[in-house]
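J.: I'd like to ask some things about the structure below.
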Amino acid sequence: MRGSHPGAFEVAHALARDGKSFTAPTDLDEQYDLFVVGGGLSGLAAAYYYRKRFGADSRILILENHDDFGGHAKRNEFHQGGQMRLSWGGTSNLEYPMFNDTVKALLGELGVDIDRLLEGYEFRYGSGPKGSPAIFFDADTYGRNGLIRGYSFRAGRIDDPVAMIDRFPVSETSRESLKKFFARRENVFAGRSAAEVDEILRNISYTGFLTAMPR
Ligand SMILES: Cc1cc2nc3c(=O)[nH]c(=O)nc-3n(C[C@H](O)[C@H](O)[C@H](O)COP(=O)(O)OP(=O)(O)OC[C@H]3O[C@@H](n4cnc5c(N)ncnc54)[C@H](O)[C@@H]3O)c2cc1C
């Protein structure tokens, strides 16, 4: 989710792209009961359960090729205007009641208090008092930074998506073709059988669909 960054991929790149190899690995003379490759939730859970089963003396080595553990669930830090904005990572819906008993027990053992979490939870997918859907246009791509508030491409979020396109910092021609695209209501698959539609959709990319389907 954070992407790979310098420090995480140099060795793999050297092996894959530059034909390098590990010529003289150092023997650390260390012994472990368990190696875990990857310190995401799965790897950390594996280590946790191993230790629980085989005792606190178990020697476990978790190999992680990023700067911190957590994998996709690692918290995100964004720095903006000298301040850090903090957001959770791939744990955005811990309140969902669909976890099985094993996960619920683990959350409990780790002291994750879902009720307390919900008390401090402000994010409402753009429908809460503190947020609304918005699209950010960045200066590098669009010439100036611009935040179009109250807008989402998701259906049902806004009354008139076409009118909002007038506020996009893109050329007149682009605005008009976007409006045409969103206002379009005909079925581009009309006249084709379900099997044909299935075949097309299985083999076409999204870009291909937007550019190659009959207009
Ligand atoms: C935005 C978002 C929201 C989500 N919300 C929820 C939610 O609310 N509830 C929920 O249950 N799930 C949620 N998920 C899914 C959940 O985050 C993931 O399923 C989970 O984090 C996956 O964990 P994992 O350990 O299996 O994999 P990963 O998190 O991908 O961990 C793999 C780890 O292995 C490391 N690694 C990879 N290759 C190597 C290597 N060669 N050597 C060493 N280390 C390596 C990686 O750096 C990484 O740390 C969400 C995901 C996202 C992206």
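The values are calculated or read from the model by the stated rules, or taken from the named source; none is laboratory data. Computed from a predicted model, the values in this text were never measured in an experiment. Reconstructed Cβ throughout: ideal geometry from the backbone, glycine too, with neighbour counts over all protein chains shown. The protein model used for the area step is the full one, side chains on, heavy atoms only, and it has no ligands, DNA or RNA in it. Shrake-Rupley method; radii C 1.70, N 1.55, O 1.52, S 1.80 Å.
J.: How high is the FRET efficiency from L94 to L178, r the C-beta distance, R0 45 Å, rounded to 0.05?
T.: Computed FRET efficiency for L94 and L178: 0.75.
J.: Something else now. Need one word for segment 1-89: rounded, prolate or oblate. Basis is the Cα gyration tensor (sqrt eigenvalues a ≥ b ≥ c); a/c below 1.5 gives rounded, then a/b vs b/c decides.
T.: Taking the square roots of the gyration eigenvalues as a ≥ b ≥ c, segment 1-89 is oblate.
J.: May I ask which residue of A14, P25, T211 lies farthest towards the positive end of the charge dipole of the chain, with charges of +1 (Lys, Arg) and -1 (Asp, Glu) on Cβ and the Cα centre as origin?
T.: The listed residue farthest towards the positive side: T211.
J.: Considering only protein heavy atoms, what per residue accessible area in square angstrom results for the chain with a 1.4 angstrom probe?
T.: 77
J.: Could you calculate the contour length gain from H13 to A139, that is, 0.36 nm times the residue separation minus the distance between their Cα atoms, to one decimal place in nm?
T.: Extra length available between H13 and A139 comes to 42.2 nm.
J.: Let me ask something else. From the helices alone, meaning DSSP H stretches of at least four residues, give me the mean residue ellipticity at 222 nm for the chain, per-run term -39500 (n - 2.57), in deg cm²/dmol to the nearest 500.
T.: -9500 deg cm²/dmol
J.: While we're on this one: Given the chain, what percent of its DSSP beta bridges are antiparallel, to the nearest 5?
T.: 65
J.: Going Cα to Cα from K179, which aspartates and glutamates come in below 13 Å? Please leave out same-chain ones fewer than 8 positions away.
T.: Reachable aspartates and glutamates: D160, D166.
J.: Given S4, F168, L107, which one lies farthest toward the positive end of the charge dipole of the chain, if we put +1 on the Cβ of every Lys and Arg and -1 on the Cβ of every Asp and Glu?
T.: About the Cα centre, the residue reaching furthest to the positive side is F168.
J.: Considering amide H positions built from the backbone, and no H for Pro or chain starts, which residues 5 or more places from I62, or on another chain, come under 5 Å of its amide H?
T.: Hits under the 5 Å cutoff: V36.
J.: Now, a different point. Roughly how big is the chain's charge dipole about its Cα centre, with Cβ charges of +1 (Lys, Arg) and -1 (Asp, Glu), in debye to the nearest 20?
T.: Here the chain has a charge dipole of around 940 debye.
J.: In debye, nearest 20, what is the charge dipole magnitude of segment 10-73 about its Cα centre with +1 on Lys and Arg Cβ and -1 on Asp and Glu Cβ, if you could check?
T.: Using only the charged Cβ atoms, the result is roughly 320 debye.
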